[in-house]
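Colleague: Here's a structure for you.
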Amino acid sequence: MAGYTVNVEWERKAASFSDGKYSRAHRWIFDGGQVVPGSSSPHVVPLPYSDEQAVDPEEAFVAALSSCHMLWFLSIVAKAGFIVDHYADQALGKMGKNSAGKIVMTKVTLRPSIIWVEPAPSAEQIEHFHHQAHEQCFLANSVYTEISIEPQA
């Protein structure tokens, strides 16, 4: 099976560190050369120690699940002979406590909105394609988070 490598880099710079007053801003460096600014969520670590313009791990988790679902969905739909012109998802992740009292991502809701080239599949076919995509998504198969799919009209 394939392996995936991402370099995550952080530097203390001039912060004292042991008092907790240090920047959580860091960089994600992907194998294709893309560098993405990362940080803790301002919901978890307050400003100025978080960078609200950077991607936090919770957002990345939701984006990864959405992206995985979309890529499988497009592949399945293409094999079925339908054509998608545009796919957009306003995915939403909800944090909460699990049964052990730990804070976790309890639910991710994918809300894809799709523009089709006619003839478009039926609502039943679209639901089936989403179900297949969910079943095939490597990431959805890797997490305990509830994932629901609510296609938008």
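The values are calculated or read from the model by the stated rules, or taken from the named source; none is laboratory data. Given the structure is predicted, the values throughout are model-derived calculations rather than measurements. Backbone-built Cβ (ideal geometry, glycine too); neighbour counts: all protein chains shown.
Colleague: What single numbered condition from (1) more than 24 Å from His134 (Cβ to Cβ); (2) out of contact with any Pro (no Cβ under 6 Å at 6 or more places or on another chain); (3) without any contact (Cβ under 8 Å) to a residue 24 or more places away in the chain fails to hold for Glu52?
Modeller: Failed condition: (2).
Colleague: Further question on the same structure: Would you check if Val6 is under 17 Å from the mean Cα position of the chain (by Cα), among the β-branched types (Val, Ile, Thr) and under 28 Å from Leu110 (Cα atoms)?
Modeller: Here the answer is yes, as Val6 does meet what is asked.
Colleague: For region 9-25, what are the residues that are farther than 22 Å from Met105 by Cα and not polar (S, T, N, Q)?
Modeller: Matches in region 9-25: Glu9, Trp10, Glu11, Arg12, Lys13, Ala14, Ala15, Phe17, Asp19, Gly20, Lys21, Tyr22.
Colleague: Determine, yes or no, whether Ser23 is in contact with an Asp or Glu (Cβ under 9 Å, 6 or more places away or on another chain), crowded, with 17+ Cβ neighbours inside 10 Å and under 21 Å from Ser142 (Cβ atoms).
Modeller: no
Colleague: Moving on. Taking the condition over 28 Å from Val6 (Cβ atoms), aromatic (Phe, Trp, Tyr) and in a helix (DSSP H, G or I), does Phe61 pass?
Modeller: Judged against the criteria, Phe61 is not a match.
Colleague: Right, Ser50: within 22 Å of the chain's Cα centre (by Cα) and farther than 30 Å from Asn141 by Cβ or not?
Modeller: For Ser50, the condition - within 22 Å of the chain's Cα centre (by Cα) and farther than 30 Å from Asn141 by Cβ - is met.
Colleague: Residue by residue through region 107-146, note down the ones that are assigned to a strand (DSSP E or B) and either modelled with pLDDT of 95 or more or under 15 Å from Trp72 (Cα atoms) (or both).
Modeller: Within region 107-146, Lys107, Val108, Thr109, Leu110, Pro112, Ser113, Ile114, Ile115, Trp116, Val117 meet the criteria.
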